[in-house]
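Asks: I have a structure I would like to understand better, so I am pasting it below and will then ask my questions one at a time.
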Amino acid sequence: MNPKARTKINAVIVLVFLTITSIFVLYPVVYVISAAFSPGNSIASLNIIPFGDGVTLEHFRHLFTSTNYPIWFKNTLIIALATSISTVLIASLGAYVFSRFRFTLRKSLMTALLILQIFPSFVGMAAIYVILLRIGGHDTLWGLVLVYVAGNVPYNTWLVKSYLDTIPRSLDEAAIIDGASHFKTWLMIIMPVARPILTFLAIASFTGPWMDFIFPKLVLRSAHKQTLALGLFSFITDKKNEFTNFAAGSLLVAIPFIIFFVTFQKYLITSLGASTVKE
Amino acid sequence: MGASISIKPQQRRDSTKNKVLISSILFMGLGHVLYLKQYLKGLFFAAIEVVFIAYLPKITVVLGNLITLGEPQPHLPIRQRPHSMFMLIDGIIVLALIFIFIGFYIISVRSAVAESDQSRRSPIGLREGINRALPMIGLAPSIGLILFFVFIPLVFSACVAFTNYSSPGHIPPNNTVDWVGLENFKTLFGGHTTWTGALVRVALWTLTWAVLATATCYFGGMLTAVVLKESRMRIAGFFRILFILPYAIPSVISMLVWQNLLNGTFGTLNRTLFTLGVIAKPIPWLGDPRLAKFTAVMINLWAGFPYFMLLTLGSMTAISQDVYEAAEIDGAGKIQLFWKIILPIVLYQTAPLIIMSFTHNVNNFGAIFFLTGGGPVVKDSTLTSSGGTDILITWIYKLTVNLMKYHYASVLAVMVFLVLAPIAMINLRRTRSFREGEL
């Protein structure tokens, strides 16, 4: 076989592979989009040909007029923002202390952080529930934020600490010699220098609460304090199936995420690659 | 005069050091106030001990309650009955506070001794004091949060495994809960045929699931990455963006969508296949235990391969171009290049992340719960609530939320911890900072 024919066959195999993978990837995506705009209610009534029954904006109207969708969105946004900001502040301050100071129990604390981070925090659900009841954080957004931040801190303190270790100490020592306090050094020197890792951290902890289901279910009870995950889930329970409304609501959440990921895909590749090389 | 000095400087320093040590051990901060003239620091430490002593009676009561978990008092109205779980949590919190107190004690004594060594003992102002305390202040929020929302819940969970906290007979505040020793472990590990059978089934599937889910995503991701990279087609960039989609869509959403599309009777997939004449009767994608397991792994592949694709692309970019060129000059073909160069390098670099992904999959609640809900129903489901695709973590959730069998859920949680903690330690030992002793 000559090389040219071989290259062609290779190209065909690659194309077939990519096409099949694309169909697999796109299959649910196409149906969600079509369901969001299709008349009808349940999955059973959905036409198997995407957009086969015409296009309607009824479900989006329904979301904003007859359900608490805007409130769910607002609550989730508040939780995500608060979690993101608190995680960045607390983890970076802790990481700064671990990276730059030597003190009693330092090593034990760091090892404890590492062991604690492997355990999914919802295994202690019952206790978290009782503790929140005790401090009045039950059925409040801030109670949920506390739980998220506590879950984020162990791993991310390590992450930021490893990054800070690579920053030359001379930088902050110079600031100390110039008379800056430790706190000021952290705020004015360390935070700006660590911006890449802190940006990554802010984004990662911002996206977490959008997808979480267990903790909102545990902590939030009132109808006006639900989050998107809870609300969307309530559309498709055992009792009712409003797949089209669910699809419309999901689409509105997923689109910002998709835009974001596609925009930053280059950055994602390099940061994921870098994290592997560093180990 | 010189000859009359009986105490040599070295001895004097030693005796001061001893005084500081003894006084610091006697009462927190005493050494700071008496000998080191660090009144602020000394008073701060002393205040901690005063508060501790003031609360001592209360602490004794709480610890007593921790041991008994409350006596049943059915004659009282429900609201006034002793609440065993509050007693348990309060007891653990108090124990944690005692440990913190001991930690402070150690820190105070050490700091007093360390500072008695230094010759210069000029008193410092409030500003400088706060500045020097930054390590403590900086760690306080992290430690506080982790203590109350991670550590104490874990200890609580571990404790519940040794109680009979469960529905229907032992749910506070109606009834009290008692310590039962290893009773729950016995039931689950060999005392009760149905429970033990369910546990073995779920544990084996959890392991199989974690291995399969990690392996399929890893090799699926790598395969796509290599194809995209090596095809050198213009269109590859387009496909890469397309393949990021599953990674970008929140998994709750995508899993719930798949659940509906794969529904045996109403799902679009079966209806499509039926209309096309491929199948005569519906395929129970999520309704048959075996097939549901296969489906779960496949759908997890859908959701998980983009992550490893990005990862492989990233670490392939990091492979120096020289390596490729050298291999090409030596006459290596594409296949050889993959097996001998790309695979070993990528494998080596991503090994820690494979382990992390494995532990993630052991705990991958969303991939199971939102797709199959743990179903379909199997023989022991009515009693144990565990279905054909339930992994330990979804079973724990069901035991807690649906059945309120907290005692069994906690036993399972302890099990997961015992399996995963060593893996995390191994992963830690691999990291460079640990090996270099820097931590």
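Asks: Students often get this wrong: which residues of the range A:189-208 have the backbone nitrogen under 14 Å from the point 7 angstrom along Cα-to-C-beta of residue A:263?
Replies: Only A:203 fall inside the zone, counting backbone N under 14 Å.
Asks: Can you return the lysines within cross-link range of residue A:4? Criterion is Cα-Cα under 16 Å, with same-chain partners fewer than 8 residues away left out.
Replies: B:334
Asks: Over all pairs of distinct alpha carbons, what does the Kirkwood formula give as the hydrodynamic radius of the protein assembly as shown, in Å?
Replies: 29.0 Å
Asks: Also: Find the eigenvalues of the gyration tensor of the Cα atoms of chain A, then list the square roots of 5 times those eigenvalues as equivalent ellipsoid semi-axes, largest first, in whole angstrom.
Replies: Taking √(5λ) for each Cα gyration eigenvalue gives 41, 31, 16 Å.
Asks: Sticking with this one: So how far, in whole Å, is the C-alpha centre of the range B:14-40 from the one of the range A:164-233?
Replies: Between the Cα centre of the range B:14-40 and that of the range A:164-233, the gap is 40 Å.
Asks: Counting alpha carbon pairs within less than 8 Å and at least 6 residues apart, what relative contact order, in whole percent, applies to chain B?
Replies: Details: 461 pairs, mean separation 69.7, N = 439.
That works out to 16 percent.
Asks: Let me know the mean shielding of A:23-33 by other chains, meaning the per-residue number of their Cβ atoms within 10 Å of its Cβ.
Replies: Going residue by residue through A:23-33 and averaging, the value is 6.
Asks: Can you return the aspartates and glutamates within cross-link range of residue A:225? Criterion is Cα-Cα under 14 Å, with same-chain partners fewer than 8 residues away left out.
Replies: Result set, ordered by chain and number: A:139.
Asks: Using the Kyte-Doolittle scale, find the helices of chain B whose mean hydropathy is at least 0.0 and whose Cα atoms extend 24 Å or more along the helix's long axis, counting only whole DSSP H runs.
Replies: Helices passing the filter in chain B: B:84-117, B:193-231, B:289-318, B:343-362, B:406-430.
Asks: Whenever you get a sec, line up B:316, B:87 from highest to lowest accessible area (probe 1.4 Å, protein heavy atoms).
Replies: Details: B:316 0, B:87 35 Å².
From most accessible down to least: B:87, B:316.
Asks: In whole percent, and with a 1.4 Å probe on the protein chains, what portion of the accessible area of chain B is carbon and sulfur? Could the numbers behind the result be given before it?
Replies: Numbers: 14750 of 21730 Å².
That share works out to 68 percent.
Asks: Another one. For A:111-117, what's the mean count of beta carbons from other chains sitting within 10 Å of each residue's beta carbon?
Replies: Counting other chains' Cβ atoms within 10 Å and averaging over A:111-117 gives 5.
Asks: Right, here's the next one. With charges only on Cβ, +1 for K and R and -1 for D and E, what is the dipole size of the protein assembly as shown about its Cα centre, in debye, rounded to 20?
Replies: 920 debye
Asks: Rank these residues by their accessible area, most exposed first, probe 1.4 Å: A:242, B:128. Numbers along the way, then the final one.
Replies: Numbers: A:242 40, B:128 75 Å².
Sorted by accessible area, descending: B:128, A:242.
Asks: Could you pull the accessible area for residue B:202 with a 1.4 Å probe, rounded to 10 Å²?
Replies: 0 Å²
Asks: Taking the highest mean first, how do the peptides A:73-83, B:391-401 order by number of other beta carbon atoms within 10 angstrom per residue?
Replies: Result, highest mean Cβ count within 10 Å first: B:391-401, A:73-83.
Asks: Chains B and A: how much accessible area gets covered up at their contact, both sides added, probe 1.4 Å, in Å² to the nearest hundred?
Replies: 8800 Å²
Asks: Let me check something: with ligands and nucleic acids excluded, how do B:58, B:37 order by accessible area (1.4 Å probe), largest to smallest?
Replies: Working: B:58 130, B:37 100 Å².
Descending order: B:58, B:37.
Asks: So, one more: Find which of A:141, A:162, B:294 sits farthest along the positive direction of the dipole of the protein assembly as shown, computed with +1 on the beta-carbon of Lys and Arg, -1 on that of Asp and Glu, about the Cα centre.
Replies: It is A:162.
Asks: Using the Karplus curve 6.51 cos²θ - 1.76 cosθ + 1.60 with θ = phi - 60°, work out ³J(HN,Hα) for each residue of the range A:211-220 in order, rounded to whole Hz, and write x for Gly and Pro.
Replies: Values per residue, Gly and Pro as x: 9, 6, 10, 5, 5, x, 4, 6, 8, 8 Hz.
Asks: Order these peptides, B:373-382, B:402-411, by their mean beta-carbon neighbour count within 10 angstrom, highest first.
Replies: The packing order, highest mean first, is B:402-411, B:373-382.
Asks: Separate question: Ordered by packing density, taken as the mean number of other Cβ atoms within 10 Å over each peptide's residues, highest first, how do B:300-310, B:91-101 rank?
Replies: B:300-310, B:91-101
Asks: Going out from 0 in 5 Å bins, what whole percent of all Cα-Cα distances in the range B:187-435 drops into each bin?
Replies: Percent of Cα pairs in each bin: 1, 6, 11, 14, 14, 14, 12, 10, 8, 5, 3, 1, 0, 0.
Asks: What average count of beta carbons from other chains do you get within 10 Å of the Cβ of residues in B:307-315?
Replies: 5
The values are calculated or read from the model by the stated rules, or taken from the named source; none is laboratory data. A quick note: this is a predicted structure, and the numbers were derived from the prediction, not measured. So basically every Cβ, Gly included, is an ideal-geometry build from the backbone, and we count neighbours across all protein chains shown. Areas reflect the complete protein model, heavy atoms only, side chains present, ligands, DNA and RNA absent. Shrake-Rupley method; radii C 1.70, N 1.55, O 1.52, S 1.80 Å.
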